[in-house]
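Presented below is the structure to which this report refers.
No value in this document is a laboratory result; all are computed from the given coordinates. Please read these numbers as outputs of a predicted model, since none were measured by experiment. Note that each Cβ is placed from the backbone with ideal geometry, even for glycine, and that neighbours are counted across all protein chains shown.
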Amino acid sequence: QYLYWMNKSADQKNLRAHFHLGIFYKDSQAYINYEKAEKHLKYVADAGNAEAQLLLGKMYKDGLGTKQNYQKAREYLQKSADQGNAEAAFLTATLYALGQGGAQNYQIAYTYAKKCEDNQDNPLIKLLESKIKQK
């Protein structure tokens, strides 16, 4: 019955229902369906939800139920990071540092790495500082 009512609610464009269905289909052991998870999370992510953007970006980055797509991963992770999500900031910094999903850019990677919660002794920041100095 949970799925019935959540789908009914999602059919009425309820963002929370789409979000919960996305997580359900992504993480539920008995009902994993990455195609449905992507559909529901994309709906919420495109509406501006930072958590859905993070989850969708990670799906694209890891190729979870979809073809690995670093460009889409960077797009959604960056949107989430721009809203203050520290995990998304770290992943965005990593993608820019490695040149995955677009051009390699240590300066942009450094900017996102500084947005991470634990940036005091963050080895990524130290690495990026050394890469920027080398240029």
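The helices (runs of 4 or more DSSP H) located wholly in the stretch 1-63 that include 1 or more residues which are more than 25 Å from A93 (Cα to Cα) occupy 2-11, 15-27, 34-46. Scanning for something under 27 Å from G99 (Cβ atoms) and among the β-branched types (V, I, T), does the stretch 28-39 turn up at least one residue? No, because not a single residue in the stretch 28-39 is under 27 Å from G99 (Cβ atoms) and among the β-branched types (V, I, T).
I'd like to know if the stretch 72-85 contains one or more residues that are farther than 26 Å from K13 by Cβ, charged (D, E, K, R), without any contact (Cβ under 8 Å) to a residue 24 or more places away in the chain and in a helix (DSSP H, G or I). No - not one qualifying residue is present in the stretch 72-85. F90 passes all but one of (1) outside any helix (DSSP H, G or I); (2) under 28 Å from I132 (Cβ atoms); (3) of a type in the set (F, W, Y); which number fails? The number of the failed condition is (1).
Candidates in the stretch 1-57 are the residues that are crowded, with 17+ Cβ neighbours inside 10 Å and over 18 Å from the mean Cα position of the chain (by Cα); of these, the one that is nearest to Q78 (Cα to Cα) is A17.
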